[in-house]
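Notes to accompany the following structure.
Coordinate-derived values only; no laboratory data. These numbers come from a predicted model, not from an experiment. Neighbour counts run over all protein chains shown; Cβ positions are idealised from the backbone, glycine included.
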Amino acid sequence: MSKVRRYFATLQLSIFIISIFSASIVFAENDFSITLTSPNGGEALQGGNAYQITWEQKGIDSVFLDWSTEPSSANSIAWNLKVDPQATTGNYTWAIPPEFNLFDKYSQFKIKVTAYKTGVGSASDESDNSFTIDPAPGVDEKTFSTIDLLSPNGGEVFYDNEKIQLTINQK
């Protein structure tokens, strides 16, 4: 076989191997998925109530749920929820505390759902648009007292099972 033919034969074999490898990657990526269905944007939620977070799923082992006010501010709702890998839908009841959003006054929220498949990786989806969450009616800053921690106030060293005294000032 001439050098040119040998080169093209090697090149064709390399392309064939890459094609097979690429096809297996596509298959692995499509082997599992998750799509958030609610809340997906436009909802007006209220503290003190429970709401269903729902999703469609395919071939996953566990789910993590977070809420955020912007892409970089994930706050956990639930971690490592075990799900049935054969199920096509999933849900979680989110009990929103009455005072939620009382002090921060955010106006736009999103839910992110992250699915995991053991030994393969993760996939995620988030609300398509923002939704709102208001504190429960009648809940205001006067409803809650605040405290200041006076001691310990930093620099102390504590040991396992050591009893310590906290000094606070309630407002």
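Rule-of-thumb check for segment 43-171: C-alpha Rg over 2.2 N^0.38 Å?
Values: Rg = 19.5 Å, N = 129, 2.2 N^0.38 = 13.9 Å.
Normalised Cα radius of gyration, segment 43-171: 1.40.
Only four residue types carry charge here, +1 at the Cβ of Lys and Arg and -1 at the Cβ of Asp and Glu. Report the dipole size of segment 114-171 about the Cα centre in Debye, rounded to the nearest 20.
On the way: 4 positive and 10 negative charges, 39 e Å.
It works out to roughly 180 debye.
Which residues' amide hydrogens lie under 5 Å from the amide hydrogen of Gln46, considering only partners 5 or more residues apart or on another chain, with H built in the peptide plane?
Hits under the 5 Å cutoff: Asp134.
If r is the Cβ-Cβ distance from Val120 to Asn169 and R0 is 45 Å, what FRET efficiency results, to the nearest 0.05? Don't skip to the answer; put the middle values down first.
Working: r = 52 Å, r/R0 = 1.16.
It comes out at approximately 0.30.
How much FRET efficiency would the formula 1/(1 + (r/R0)^6) give for Tyr159 and Asn80, where r is the Cβ-Cβ distance and R0 is 25 Å, rounded to 0.05? Before the final figure, lay out each step's value.
Working: r = 31 Å, r/R0 = 1.24.
With a Förster radius of 25 Å, E is 0.20.
Need the list of aspartates and glutamates near Lys82 for cross-linking: C-alpha distance under 20 angstrom, and skip anything on the same chain fewer than eight residues off.
By straight Cα distance, Lys82 reaches Asp31, Glu56, Asp61, Asp66, Asp125, Glu126.
Would you calculate the convex hull of the Cα atoms in segment 65-104 and tell me its volume per residue in Å³? Walk me through the numbers on the way to the answer.
Values: hull volume 3.9 nm³, N = 40.
For segment 65-104, the hull spanned by Cα atoms encloses 97 Å³ per residue.
Give the calculated FRET efficiency between Asp128 and Phe103 to the nearest 0.05, with a Förster radius of 30 Å applied to their Cβ-Cβ distance. Could you put the intermediate results ahead of the total?
On the way: r = 28 Å, r/R0 = 0.92.
FRET efficiency, Asp128 to Phe103: 0.60.
Once the piece of chain linking Thr88 and Ala50 is laid out straight, how much longer is it, given 0.36 nm per residue of separation minus the C-alpha distance between them?
Numbers: separation 38, 0.36 × 38 = 13.68 nm, distance 2.28 nm.
So the extension gain works out to 11.4 nm.
When only Cα pairs under 8 Å and 6 or more residues apart are kept, what is the percent relative contact order across segment 101-171?
Numbers: 70 pairs, mean separation 19.8, N = 71.
For segment 101-171, the relative contact order is 28 percent.
Name the residue from Gly121, Pro135, Asn161 whose Cα lies farthest towards the positive end of the charge dipole of segment 117-162, charges +1 on Cβ of Lys and Arg and -1 on Cβ of Asp and Glu.
Of Gly121, Pro135, Asn161, it is Gly121.
Report ³J(HN,Hα) in whole Hz for each residue of segment 113-126, in order, from the Karplus equation J = 6.51 cos²θ - 1.76 cosθ + 1.60 where θ = phi - 60°; Gly and Pro get x.
10, 10, 9, 10, 10, 3, x, 10, x, 9, 9, 8, 8, 9
Excluding Phe103 itself, what net charge comes from residues whose Cβ is under 11 Å from its Cβ, given Lys and Arg +1 and Asp and Glu -1?
On the way: positive: Lys105; negative: Glu99, Asp104, Asp140, Glu141.
Result for the local shell: -3.
Quick one: which residues, 5 or more positions from Ser130 or on another chain, have an amide H under 5 Å from its amide H? H modelled 1.01 Å from N in the peptide plane, none for Pro or chain starts.
Hits under the 5 Å cutoff: Gly42.
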